[in-house]
1. Can you name the residue in the stretch 376-393 that is in contact (Cβ under 8 Å) with a residue 60 or more places away in the chain and under 22 Å from the mean Cα position of the chain (by Cα) and, of all such residues, is nearest to Val189 (Cα to Cα)?
2. Test Val284 against the stated conditions and say whether it is touching a residue at least 60 places away in the same chain (Cβ under 8 Å) and either touching a strand residue (DSSP E or B) at 6+ places or on another chain (Cβ under 8 Å) or of a type in the set (Ser, Thr, Tyr) (or both).
3. Which one of Arg344, Arg336 is at pLDDT below 95, within 25 Å of Thr383 (Cβ to Cβ) and under 26 Å from the mean Cα position of the chain (by Cα)?
4. So how many residues does the stretch 162-185 have that are surrounded by 19 or more Cβ atoms within 10 Å (Cβ to Cβ) and within 22 Å of Ala10 (Cα to Cα)?
5. If you go through the stretch 128-149 one residue at a time, do you hit one that is crowded, with 17+ Cβ neighbours inside 10 Å, over 25 Å from Gln239 (Cα atoms) and in contact (Cβ under 8 Å) with a residue 24 or more places away in the chain?
6. Between a residue in the stretch 314-326 that is of a type in the set (Lys, Arg) and any residue that is surrounded by 15 or more Cβ atoms within 10 Å (Cβ to Cβ), which pairs come within a Cβ distance under 9 Å, given they are 6 or more apart or on different chains?
7. When only residues in the stretch 62-106 that are polar (S, T, N, Q) and without any contact (Cβ under 8 Å) to a residue 60 or more places away in the chain count, which is nearest to Tyr297 (Cα to Cα)?
8. Among the residues of the stretch 277-301, what is the count of those that are part of a helix (DSSP H, G or I) and crowded, with 19+ Cβ neighbours inside 10 Å?
Amino acid sequence: MGDADTVICALANGVRVVVLRLPHFATCAVSVFVRSGSHHESARQNGISHVIEHMAFKGTRTRDCQRINLDAERLGAAVNAHTDKDHTAYHMRGLARDAGAFVRMLGDIVRESTFPEAELERERQVLLQEYTEDEDDAMSAAFKLFDAACYGAHPAGRPVIGSRANLRRFTRDDLVRWSRRQYTAVNTVVGVAGDVDPDQVVAAAQATFGDMPRGSENTIARPEHFGGIRARRVPASTQVSIVLGFPVSPLPGEHAIFVVAAALLGEGMSSPLLDTLRERRGLVYHADCWADVRDAYGQFVIEASTAPEHLRECVSEINRLLRQHAEATDRVGLERARNQAVVRLLSDRDDPEQRLEFAALDLFALGRVRSRQERLAGIGAVTAAQVREAFARMLGAKAAVGAAGKIGKAEVAHLGRLARGS
């Protein structure tokens, strides 16, 4: 299972432990992943996973916020966390000799947080400021609109940050109930990467997480893709940010095909997307394309920001490039795309935190960890015909478009025609 340097162990209660042996690393990365994010929230709960991630560091049964920070920094360690759509993660990075201590510290944060009332009221103001900054960012707004256009009222269509009303309303009791429900053994992966002894790591995980309630898997129903256009004017913006895309197969489907297709279309300055929109036409400063493939759904995503007067030309060129790739595949371009996808995969695997996240998400989605050889073989096996078929299938679906910034009704109508395929 996984690579030769990967050790995976399941505790009796369902917690999984992943150890990546990296003898050349003087430091180690330790992470705890919980399968709990905005995907698992109702409309009334939307944003609570992100609030819990913030509040987890504000005090536990035995340590206050200051002690949590000092305990880590006395060992030279950095502490961080993030919330995503399908998981929440807590991280520490420090000396390899302290890996067991980091497992215990993160276990205290994940399992024993008390969410103090006074800290919640202070952090609420921080979260509301973060929400306002997110709302004022046109690209961030476009991504939220894009997800809503894709999936409507399904949890996959909701933002990680939640709503302003929810952030104002959540109470300490809400956080306690939600964390007890979601933070359970079968939804937890403990990961350590570095020059560490796997047996010692497993022993530390057993001592810290071995009595965690088993719980049941946090899963979601596969969402229906709706498509269409959603747009919002952002008063301070001078540009229009657009995110457009199509549904693709979820894991464990044909993800490698769409990874290569995305690299072919839009990875690197020589890619058709960047070469056309930026180098030849001067329509954008930056554009990007990728495949976001998860266990419940997949998205082929294109993003760009452009001046309002260039929006129609920009979108028309993107549409033309999509049709062009459904009709023919450039041999050199396909070689470039495969190699770029391989280098990106290998580069990500040089980052211990990223490797741990890959492993945890594989365990959540597939129940196993894909090896580097398996991932590389998947990329190498993608053919030109498969890429053309992938683009044709996407164009046969209804596009989803999110647009935000300096945008008027005429531009919205134009984008709507693109989403309808007309």
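1. Result: Gly378.
2. no
3. On the way: Arg336 fails: at pLDDT below 95.
Arg344 is the lone residue from the list that is at pLDDT below 95, within 25 Å of Thr383 (Cβ to Cβ) and under 26 Å from the mean Cα position of the chain (by Cα).
4. Step one: filter the stretch 162-185 for residues surrounded by 19 or more Cβ atoms within 10 Å (Cβ to Cβ), giving 162, 166-167, 170, 175, 178-179, 182-185.
Retained after the next criterion (residues that are within 22 Å of Ala10 (Cα to Cα)): 179, 182-185.
Final tally of qualifying residues: 5.
5. no
6. Arg320/Thr276; Arg323/Phe391; Arg323/Leu395
7. Among them, the one singled out is Thr88.
8. Total satisfying the criteria: 1.
The values are calculated or read from the model by the stated rules, or taken from the named source; none is laboratory data. The structure displayed is predicted, hence computed values, not measured ones. Heads up, the Cβs are rebuilt from the backbone with ideal geometry, glycines too, and the neighbour counts pull from every protein chain shown.
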